[in-house]
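Notes follow once the structure below has been shown.
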Amino acid sequence: MPGCHSAVAKTRALPAIWLVTDARNDERLERTLRRLPRGSGLIFRHYHLEDKDRDARFASLTRAARRRGHLVALSGTAGEARRQQAGAAYGAARSLHAGPAMMRLVTVHSLREIARAQRIRADAIVLSPVFATRSHLEAVPLGPIRFRLLARHACVPVIALGGMTERHARRLRWQRWAAIDGL
């Protein structure tokens, strides 16, 4: 496909299942990380914490995740992710367009954002919301058909997010997915 690139992600297998952190699931994160299949992924957001507390929580969860061979992505710029020794950076294309070469997971919600993610050479995109979600009650879900139509335009791996559970992943027939509450 034109505009596709050789991704940094090829140096490490991209996990199929991702746990996304949030204030709502904070107290059970360590337990959930232990239950995930080895080599899964953790997307650390924790926007609710002040910088010092966020850094400490990130360090703690990173240690727990790495013990299970999980890849850790930090929500922020690529530079911040590199400084925190994350395995990847996670965020919107505008926050990940520059910085050190590292794996970048770009959040997208539309065809325009998929194109933008590909222009900045994202290694994977996180397409959402697939189903209704408590995280963004006002968001209109894509649904399985629209999700698949949009995902076809990506020339990098697509991670489904938004109301995802194991059951929804099977219904969607999609290998890569992420969840906040659904794990």
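The values are calculated or read from the model by the stated rules, or taken from the named source; none is laboratory data. These figures come from a predicted structure and were not determined experimentally. Cβ coordinates were reconstructed from backbone atoms using ideal geometry, including for glycine residues, and neighbour counts include every protein chain displayed.
Quick one: would you say residue 86 is in a loop (DSSP other than H, G, I, E, B) and either closer than 18 Å to residue 21 by Cβ or of a type in the set (Asp, Glu) (or both)? In short, yes.
Report whether or not residue 52 is charged (D, E, K, R), modelled with pLDDT of 95 or more and either exposed (fewer than 13 other Cβ atoms within 10 Å of the Cβ) or more than 15 Å from the chain's Cα centre (by Cα) (or both). In short, yes. Checking each residue in the stretch 158-172 for being crowded, with 18+ Cβ neighbours inside 10 Å and not in a helix (DSSP H, G or I) picks out 158, 159, 160, 161, 162, 163, 164.
Taking the criterion of being touching a Ser or Thr at 6+ places or on another chain (Cβ under 9 Å) and within 16 Å of residue 146 (Cα to Cα), the residues of the stretch 91-116 that qualify are 108, 109, 113.
Looking at the stretch 8-40 only, could you name the residues that are at pLDDT below 95, surrounded by 11 or more Cβ atoms within 10 Å (Cβ to Cβ), of a type in the set (Gly, Ala, Ser) and under 16 Å from the mean Cα position of the chain (by Cα)? Hit for the stretch 8-40 is 9, nothing else. In the stretch 90-157, counting only helices (runs of 4 or more DSSP H) that sit wholly within it, the ones holding 1 or more residues that are over 17 Å from the mean Cα position of the chain (by Cα) span 111-119, 143-151.
Going by the conditions given, is residue 65 under 30 Å from residue 146 (Cα atoms), small (Gly, Ala, Ser) and assigned to a helix (DSSP H, G or I)? In short, no.
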